[in-house]
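In what follows, a structure is listed as structure tokens, so that the remarks can point back to it.
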Amino acid sequence: MADNKLYYGDNLEILRRYVKDESVDLVYLDPPFNSNVDYNVLFAERDGTEAASQIKAFKDTWHWSLTAEAEYRQTLERVGDHRVAQALIGLRGMLGQSDMMAYVVMMVSRLVELKRVMKPHASLYLHCDPSASHYLKIILDGVFGPDRFLNEIIWKRTSAHSSAKRFGPVHDVLLFYGKESAYQWNPQFQPYDEKYVEDFYRHEDRLGRYRLSDLTGAGTRQGDSGLAWRGINPTEAGRHWAAPLELLQTLYPRKNFDELTSQQKLDLLDAKGRINWPKKGKVPQLKRYLSDMPGVPLQDVWTDIPPIGAQAKERLGYPTQKPEGLLERIIQASSNPGDVVLDPFCGCGTTIAAAQKLGRKWIGIDVTHLAITLIKKRLLDTYGEGITKEYEVVGEPTDVAGAQELAKQDRFQFQYWALGLVGARPYEQKKGADQGIDGRLYFHDEGEKTKQVILSVKSGKLKATDVRDLRAVIDREKAEIGVLIALEDFSQPMKAEAASAGFYKSLGYNQSYPRLQLITVQDLLDGKRIEMPLEKHTNVTFKQAAKAVPKKRKGKRLAFDGDTEY
């Protein structure tokens, strides 16, 4: 069984049904909230620019309704007299039946479940914007306890933002909590400022830049640290030898320093060229090299991780996509290799990509099949076919009965799932305009010329005119190939109509493909695919994630470095 899991469905249900108590080492969540915005996935257009048409991934559902009211009451019953109930009641009194209150209610039930699945040493990072962070902090204090609050991290997500009659909002907030007091923590560092290096690391030799510091400590001692070494007696100056143990352990990792005298430790330092000998009669000093120092301890304001630029390799077009460097830092700080990282709103899979890169196990949950498709393709592009053996997708239909059930629940999710099976990108139709197009595939043929496949997905009963209608659409759109995907089997007249459409002749590959193809869901589950030029370099439907390659290191490893680059 694969260590990693990718779940399709409501994260509250998934958490309760599949994720065991105290099984997760780190939680990161970036729950969407904006009552006036649709969250969309944008894909690369044929020329590499963002598509003008936005593909709806999911609508923001945080609105006050009977569902929110029922969730509010159920949550109060579930948590009983726990402090989070008092926090929820207090916020209800202030916010009333608002969208923000609906958001808070939905988050409470999920945060309670997330705490349950966290191991005692686990941490949680909740990513949000300042419009909701103060309410969420009250809820987190209620769920975890005020004493488990560790940081409010400010991440500068953009350089400037125009805003009327107020300062430009350019930051997000990450609320950092530990489940228990003994939470996992790996200190993170930033490189020193250039001016600091110039001012303090003024010396240089074959080992690099260094500064001078004391080898002695204040006060006299009666033991060996107070005795003379190489003719120099620290007691005469009211001091004692203080060889830095941490540096010695780095230079000699296999030595037992408990058995060595202060003078022997100093000899070891000198053997490594770490002691500066001044003019005769003066006390020697320690050479503290810049390469020995990890950097400046990271603070709670992060300005060094920029947002994903328009031309960035990792940019997939997802509007709320976060940079992998941000998730790498969080994962490095609060987990170790082999630990389990959970993202219950995994979107386009940045947390999953960072966890995979850093050798962590992962659990991702999302409520749309479009997101699941995007994540699978991201992993495939980055790691190749072998990655499919390292994770399991739970919640996707595995047979026709499951597909029929999904179609009953939500025909759009069925459509996204079916399109995902053939690697197609959904097509957003304008309201009130049925253009007969549910998805598209793009490919290169005859050099760099972009051509297209039009897809139509039918979850209900087929009509005799469905094939004829699709043929008209591909003629209108000047598409090379049309594909009709259906739950039902096709009739013989439908097959005859499709056959009469003839073939698309690929000049670049000297091969012919049926111009109108009929594929059932059972066909797709059995492994059948669209007949078209689909070599990896010809398919340009989605923007590809960068491939992982071994990183060639130069110099000291940074605290948040991974072992692969993209």
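The values are calculated or read from the model by the stated rules, or taken from the named source; none is laboratory data. The shown structure was predicted, so the numbers you read here are calculated from the model rather than taken from an experiment. Glycine also receives a Cβ, built like all others from the backbone with ideal geometry; neighbour counts cover every protein chain displayed. Calculation scope for accessible area: heavy atoms of the full protein, side chains included, ligands and nucleic acids excluded. Shrake-Rupley method; radii C 1.70, N 1.55, O 1.52, S 1.80 Å.
Could you do me a favour and compute the accessible area per residue for segment 148-238, 1.4 Å probe, result in Å²?
64
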*In square angstrom, what is the accessible area per residue of segment 313-394 with a 1.4 angstrom probe?*
28
*5 angstrom amide H check on Glu22, placed H, neighbours 5+ away*: Val117, Met118
*Carbon/sulfur fraction of accessible area - segment 154-262, other protein chains in place, 1.4 Å, %*: 48
_Amide H contacts under 5 Å for Leu6, placed H, 5+ residues apart_ = Gly364, Glu392, Val393, Val394
*Surface per residue (accessible, 1.4 Å probe) for segment 447-492, Å²*: 48
*In terms of modelled amide H atoms, which long-range or inter-chain residues lie less than 5 Å from the amide H of Thr216?*
Ala242
*Highest-first arrangement of 66-77, 332-343, 189-200, where packing means the average Cβ count within 10 Å*: 332-343, 66-77, 189-200
_Using Cα-Cα distances under 8 Å and only pairs 6 or more residues apart, what relative contact order does segment 129-171 have, in percent?_
30
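Can you pull the percent of segment 318-376's accessible area that's carbon plus sulfur, 1.4 Å probe, other chains left in place?
So the carbon and sulfur contribution to the accessible surface is 53 percent.
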_Charges at C-beta only: +1 for Lys and Arg, -1 for Asp and Glu. How large is the resulting dipole of segment 110-246 about its Cα centre, in Debye rounded to 20?_
460
*About its Cα centre, how strong a charge dipole does segment 382-472 have in debye, to the nearest 20, once Lys and Arg get +1 and Asp and Glu get -1 at the Cβ?*
560
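Rounded to the nearest 5, what % of the DSSP beta bridges within segment 390-534 are antiparallel ones?
That works out to approximately 55 percent antiparallel.
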*With a ≥ b ≥ c the root eigenvalues of the C-alpha gyration tensor of segment 68-196, is it rounded (a/c under 1.5), prolate (a/b larger than b/c) or oblate?*
oblate
*asked:* How would segment 468-540 be classified by its alpha-carbon gyration tensor: rounded, prolate or oblate, with rounded meaning a/c under 1.5 and the a/b versus b/c comparison settling the rest?
replied: oblate
